[in-house]
Every structure is written in structure tokens, then in C-alpha cells.
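Computed from the coordinates by the stated procedures, all read-outs in this text should not be read as laboratory data. This is a predicted model, so every value here is computed, not measured. Here the Cβ positions follow ideal geometry from the backbone for every residue, glycine too, while neighbour counts run over all protein chains shown.
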Amino acid sequence: MTEGGPDQTSDQTGDAGTTCQLPATITADYAVPDTCTVVEIAQDVAVNGGVLTIGPGVLLRFAAGVHLTIGKTAPGGLKIQGTSQQLARLSVAGDGSSGTRWGGIELGPFTSSGTLIDYAIIEYAGQGAGPALTIDESVLDNSVTITNTTIRYCDGIPVVNGTPGSLFADFSGNTVENNQGKFSMTVGARVVGSIKTSNAFESAISIPGGDIESDTVWSAQSTQLVINGIVLVAGPTTVAKLTIQSPNTLQFAKGTYLFIGPSAVKPGALDVDGVSFSPRSASPVLGEWSGIQFGNGAEASTINDCQFSWAGKAANAGNNTGVITINEPSSAAGITVTNSSMTNSGSTYSVLVVDGQQSDCDKYSVSTAQNTFDKDVYCGAL
């Protein structure tokens, strides 16, 4: 079978032999045969029907700029299944160390459930500083599993999962290394909850903001989580709770913040313990990022043993500000801030609670809650 042959309309495995090729268009199940140790790919391959299966020990060599696209115009899937002893490998034809890159893998909006990359190496991908692996934002949740895979020698961000993004069925045991991009991954706020703790990242994970509408846990990661946009925690009908596990370091871009429970019809909650909140900038100014805001839809929340630095935007036109701002919470909300510290705050107060009933004021005070703040706490009517 030659490159760019006719569409595949029935289950096939291709020609046997040491070196094989793939058709340009695949529309039915297609498996690379066990006898193929090398697959040469000279032009873009599109899987828009069936599943492309790649087994252990197979080397796919892509020409410069060539893409592997799955489910772009019709349902299609990908199954790369190596073993711990025989990894599947996707690389570039020629000398990748000289700067040659293939286009990478693109999982389109019609990517089928059960798409899997396991025990694989993806290397020298992402021509023009593009991603090695792109997942369309509209892929159905829990359709994609990426495990025990190494992504390396990518000039751009290795993994990009669009905003709001598709939840991984599993993302664990992976290694992202020797890449030139600023971040190891870019994923929406909701997607972070589907990244397990067992990955090894060489650089930070970028979160370009986004909404969290159901209970989500950000597990402890081996790298920083960089917040590059507003993260809104708000359930459309019932309370959505964001839990951030320790140890985690959150770094915020200028002007960004967490917004919990903006209104009674969009309730939210937050539970963090042992987390560091800091600016992304290496040369921050007072109030570099805006802090955490609780709206009047905030439910019971806990902030304990956390460190805040360079947070809380400056007051303007007579408006007071806080690193943590709690705006008219329900009397039953029970938002607590304990055993935490704040330094280099740019706001009027460390904690600003607009609470006419003053029902929760004892939960924020420095003396009773063992907090160490560089600004005062205010709780009461404004």
C-alpha cells in the first residue's frame, strides 16, 4: 500500500513488511501490522472513521510539518498501545536534533471515546513552535487517556487542551521533558482536576482561566499552576466546590484572581490547605494579582495554612480592597481563614468582609485564627 492511497472502507491492517506506510485518509478501523517496525509518513494523515491502532515497538517517522489528525470532520479514534518494554514511538524523519519538526497530533472535535496513548514517546513534534499534542475544546469529556508517555523535544507548549477543555479520562504517569516552550501544558481550569499526581513536568502548567461548574480537585502537582485568567467557581444549579490539595504552588498573572460563588444562583465553595499563592512575575509590585473574592453565593469554605504574597489590588476612588474579599456571605456560609500569612499586600486590608450581620467576624481575626497579616482585618457593614 502506498502513501496517499484510496480511502479505507473496511477493517484493514496494511501491507506487511519491515517498513510500511499509512494511507492519507482512514475511514475504517486500521491497525499497523506487527511486522511493521517502521512506518514512514510523508504527508498528513486524517482519521475520520474507525480507529487507527499502533502497537508496541513501532516507530512512526513523520516528514517535516506532517500532522496526524483524528476526528476532525467525522468520528475517529486513536489507540497507541505500547508496553513498558516496547514503547511505541512517534518521531520526525531525518535529524530532529537539527531542528526539524513534524506537525504533531491533533485530536479534533469528533474524537471517539476510548482514544488512548499509553507507553509511547512523542518527540520532535510541533513545527513552528506549535504543540506536540492538541485536544479540541469540544471533545467529549473522558474520551482521551494519556498514560506512561514521554513528550520531549517540542519547541512549543507540548500539550494544549482548549478552554474550557475536555476532561481527561486519565492523565497519569507521563513525563514532559527537554521542551522549549514556556509551559508543559495549557489546560482550562476544569481540566486541571483530571490531571493526576504521578506526572513529571519540567515547567509550569498554564491555566488560561475558565469556569468550574462542578466539584473539582486540583491534585498536588510536581510543578507550579500558573493562573493566566480569572477562575470562576460557580455551579449552574447546585454549589460547585474547588479543592486545592497540598503541596501546590499557584502563581497568578497580573490582575487575575479566584472568584467563588458570585451570586445566589451561582453558588461556589473553596477548600485549600497548605497552598502557596504568589505572583507569576519575577519582579512583582504591590498588589500584582488581585486575590480571592467570595460573592454572596459563597458557601462554606476553608483557607488554612496558606501563604499569600503580592496580592490585593490597590484601592481607588475611595473603595476599600482586600487580599481576601468576602461580600455579604450567607450567615450560614462559614468562610474561615486560619493559620495563614500575607506579605507585600497592595490592598487596604488583608481580609475585607462586608457583613452587616457580623456573624462570621471571629473567623478572620488575627488573634483568634492564628493568622499573620501585614494589613488589618475589617469585618462589618460598609
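If the only charges are +1 at each Lys and Arg Cβ and -1 at each Asp and Glu Cβ, what is the size of the charge dipole of the range 1-208 around the Cα centre, to the nearest 20 debye?
460 debye
Once each part is reduced to its C-alpha centroid, what is the distance from the range 153-188 to the range 111-141 in angstrom?
Cα centres, the range 153-188 to the range 111-141: 9 Å.
Which distance in Å, rounded to a whole number, links the C-alpha centroids of the range 204-256 and the range 262-280?
The two parts, judged by their Cα centres, are 8 Å apart.
Over all directions, average the projected area of the Cα convex hull of the chain and note it in nm².
If you wrap the Cα atoms of the chain in a convex hull and average its projections, you get 20.0 nm².
Glu137 to Lys182: FRET efficiency via 1/(1 + (r/R0)^6), r the Cβ-Cβ distance, R0 30 Å, to the nearest 0.05?
Efficiency computed from Cβ-Cβ geometry: 0.90.
So, with +1 on the Cβ of K and R and -1 on the Cβ of D and E, and no other charges, what is the size of the charge dipole of the chain about its Cα centre, to the nearest 20 debye?
The calculation lands at about 640 debye.
One quarter of the convex hull surface, Cα atoms only: what value does that give for the range 272-312 in nm²?
So the mean shadow area of the Cα hull is 3.3 nm².
What relative contact order, as a whole-number percentage, does the chain give when Cα pairs under 8 Å and 6 or more residues apart are counted?
Relative contact order for the chain comes out at 7 percent.
Report, in deg cm²/dmol and to the nearest 500, the calculated mean residue ellipticity at 222 nm for the chain, where each DSSP H run with n ≥ 4 adds -39500 (n - 2.57) and the sum is divided by the residue count.
0 deg cm²/dmol, from helical runs alone.
How big is the dipole moment of the range 210-382 about its Cα centre under a simple scheme where the beta carbon of each Lys and Arg is +1, that of each Asp and Glu is -1, and everything else is neutral? Debye, nearest 20, please.
400 debye
Work out the charge dipole of the range 1-208 with +1 on the Cβ of Lys and Arg and -1 on the Cβ of Asp and Glu about the Cα centre, then indicate which of Ala125, Gly77, Met185 is farthest towards its positive end.
Positive-end residue among those listed: Met185.
Among DSSP bridges having both ends in the chain, what percentage is antiparallel? Round to the nearest 5.
Counting DSSP beta bridges with both partners in the chain, the antiparallel share is about 0 percent.
Grab the Cα-Cα distance for Glu40 and Ser283, subtract it from 0.36 nm times how many residues apart they are, and report the gain in nm with one decimal.
So the chain would gain 82.7 nm between Glu40 and Ser283.
Read phi for every residue in the range 91-101 and hand back ³J(HN,Hα) as whole Hz from Karplus 6.51 cos²θ - 1.76 cosθ + 1.60, θ = phi - 60°, with x for Gly and Pro.
9, 9, 5, x, 9, x, 5, 8, x, 6, 9
Residues with amide H under 5 Å of Ile326's amide H, sequence separation 5 or more or different chain, H placed in the peptide plane at 1.01 Å from N; which?
Under 5 Å from the amide H of Ile326 lie the amide H atoms of Phe294, Leu352, Val353, Val354, each far enough along the sequence or on another chain.
For the charge dipole of the range 210-382, defined by +1 on Lys and Arg C-beta atoms and -1 on Asp and Glu C-beta atoms about the Cα centroid, which residue among Ala240, Asn371, Pro284 has the Cα displaced farthest towards the positive pole?
Pro284
Out of the DSSP beta bridges found with both residues in the range 90-232, what percent are antiparallel (nearest 5)?
Roughly 0 percent of the DSSP beta bridges within the range 90-232 come out antiparallel.
Using amide H atoms built 1.01 Å from N in the peptide plane, name the residues 5+ places from Leu60, or on other chains, whose amide H lies under 5 Å from its own.
For Leu60, whose amide H was placed from the backbone, the distant partners under 5 Å are Val39, Arg89, Leu90, Ser91.
Taking 0.36 nm per intervening residue step and subtracting the Cα-Cα distance, what contour gain separates Asp305 from Thr238 on full extension?
21.3 nm is the gain from fully extending Asp305 to Thr238.
Checking the a/c ratio against 1.5 first, then a/b against b/c, what shape does the Cα gyration tensor give for the range 210-382?
rounded
When the Karplus curve 6.51 cos²θ - 1.76 cosθ + 1.60 is applied with θ = phi - 60°, which whole-Hz ³J(HN,Hα) does each residue of the range 176-191 get, with x for Gly and Pro?
So the Karplus estimates, Gly and Pro as x, are 10, 8, 6, 10, 9, x, 5, 10, 6, 8, 10, 9, x, 4, 5, 6 Hz.
Check cross-link reach from Lys196 to the lysines: straight Cα distance under 27 Å, and skip same-chain residues fewer than eight apart.
Candidates past the 8-residue exclusion: Lys79, Lys182, Lys241.
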